[in-house]
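Just below is one structure, and these are the notes that go with it.
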Amino acid sequence: MKLLFALLLLPSAALGAYCNGIPDPDAPENNLPIVGALPNVVKSVNNGILARSDDSMNKFQITHLWGSPYEQGLAHGQLLSDDISNFFESTYKYLADQVVGSLPNKVRQIEERSDELPMLVLGTKSTRAPTFI
């Protein structure tokens, strides 16, 4: 059902992103610079280069990757490893804070029974690894 809904919604979203207008020929010309300084290469690996522009107007980074999809993925991870780690850590912290904030009574109950879980695992005397769904 969710897949059907997504398939029905996708065309309308794509059409909504389409630009229906044309530029006004009498509009003033935009003479504002897009980039204040050229990006500098800050890191390179076998199949990629990372460049950053840190001027006062704009801050952005450019990754240039080449090679097979595997090589590109490896280079991407190597070039942006710190950014990727920070993203996942901050996302996990945000989600954990949201869960803890929305279930204060349940968290307190879990904390009160925190010694029970290791004993439960030991008590099963099972060699099978637990599975979580």
(request) Provide the gained length on full extension for the span R52 to N30, in nm with one decimal, where the gain is 0.36 nm per separating residue minus the Cα-Cα distance. (result) 5.5 nm
(request) Would you compute the Debye intensity of segment 18-74 from its alpha-carbon atoms alone, equal scatterers and no solvent, and pass along log10 I(q)/I(0) at q = 0.24, 0.26 Å⁻¹ to two decimals? (result) -0.91, -0.98
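Read-outs throughout are calculated quantities, based only on the coordinates presented, and are distinct from any laboratory measurement. This structure is a prediction, so every number in the text was calculated from the model and none was measured.
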